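Trainee: What follows is a structure written as structure tokens; I'll ask about it next.
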Amino acid sequence: MSDFDTLEDLQSRLAFQEQTLTDLNEVVARQTEQIDRLEQQLRALAGKYRDLRDAVEQSPGEEGGLADERPPHY
């Protein structure tokens, strides 16, 4: 293998590695955005859960309270 062939091979490998790094960086950026959205949704759901739990705990014995409501399928 001549020096020219070796140099050409190294340049080809470098270009491939640079493209691979660019592709991986894009994937990581998309995943970071997705994780941020999922964390935001999780916080919102946790807040709704706490609100519902608090509403049920505050009115366990009251007539017509959430604890006494029939589920919609009845």
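Trainee: Which residues, counting only those in segment 1-18, are of a type in the set (S, T, N, Q) and part of a helix (DSSP H, G or I)? Spell out the reasoning first.
Mentor: Step one: filter segment 1-18 for residues of a type in the set (S, T, N, Q), giving 2, 6, 11-12, 17.
Matches in segment 1-18: 6, 11, 12, 17.
Trainee: I need every pair where a residue in segment 11-26 that is hydroxyl-bearing (Ser, Thr, Tyr) and modelled with pLDDT under 95 has its Cβ under 9 Å from the Cβ of a residue that is open to solvent by 100 Å² or more (accessible area, probe 1.4 Å) and in a helix (DSSP H, G or I), sequence separation at least 6 or different chains.
Mentor: none
Trainee: Still on this structure: Looking for whichever is among the hydrophobic types (A, V, I, L, M, F, W, C) and in contact with a Leu (Cβ under 8 Å, 6 or more places away or on another chain) here; the options are 28, 56. Which one fits?
Mentor: 56 is the lone residue from the list that is among the hydrophobic types (A, V, I, L, M, F, W, C) and in contact with a Leu (Cβ under 8 Å, 6 or more places away or on another chain).
Trainee: Now a separate question. Suppose the filter is open to solvent by less than 100 Å² (accessible area, probe 1.4 Å) and modelled with pLDDT of 95 or more; does residue 55 pass it? Explain how you work it out, then say what you get.
Mentor: Numbers: open to solvent by less than 100 Å² (accessible area, probe 1.4 Å): yes; modelled with pLDDT of 95 or more: no.
Taking the combined requirement at face value, the residue does not satisfy it.
The values are calculated or read from the model by the stated rules, or taken from the named source; none is laboratory data. Fair warning: this is a prediction, and the values are worked out from it, not measured in the lab. Every residue, glycine among them, receives a Cβ derived from its backbone with ideal geometry; neighbour counts consider all protein chains shown. Note: accessible area is taken over every heavy atom of the protein model, side chains too, but ligands, DNA and RNA are not part of it. Shrake-Rupley method; radii C 1.70, N 1.55, O 1.52, S 1.80 Å.
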